[in-house]
Amino acid sequence: MLRSSVSIPSNIAEGCERNSVPDFQRFINIAKGSAAELRTQVYISREINVFSDSDAKGLINELKSISKMLQALHDSLKKP
């Protein structure tokens with residue numbers, strides 16, 4: 001879970017430094033994948049009682065929000 005969570009901002013930073021819109025978009029997509037991976041890990045953690053339902057729901061909602069923000073960033077780069 002730590003690796004997935006660190007991967008999200010790391011991929012955003014790496015993509016931003018590429019100085020290429022297509023590269024930045026690709027790394028945003030990778031960051032979105034890491035967010036989905038982490039969300040899945042939270043679901044599994046809830047099922048095996050590592051997280052309570054309320055803690056898991058809070059994390060899942062935050063990760064969904066992060067994914068939406070990443071999609072909005074990706075989409076904003078498509079504009080001329």
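Read-outs throughout are calculated quantities, based only on the coordinates presented, and are distinct from any laboratory measurement. A quick note: this is a predicted structure, and the numbers were derived from the prediction, not measured. Here the Cβ is made from the backbone with ideal geometry for all residues, glycine too, and neighbour counts use every protein chain on show.
Listed by chain and number, the aspartates and glutamates whose C-alpha is less than 16 Å from the C-alpha of Lys32, apart from same-chain residues fewer than 8 away, are Glu14, Asp23, Glu62, Asp75.
Each Lys and Arg contributes +1 and each Asp and Glu -1, all at the Cβ; summed about the Cα centre of the range 2-76, the dipole is approximately 100 debye. The 3J(HN,Hα) values that the Karplus relation (6.51, -1.76, 1.60; θ = phi - 60°) gives for the range 30-40 are, in residue order, 5, 4, 4, x, 5, 5, 5, 4, 5, 4, 4 Hz. Gly and Pro appear as x. With the simple spin-label model, which puts each label point 7 Å out from Cα in the Cβ direction, the Lys57 to Val6 separation comes to 3.2 nm. With both labels modelled 7 Å from their Cα along Cα-to-Cβ, the Lys79 to Tyr43 distance reads 3.3 nm.
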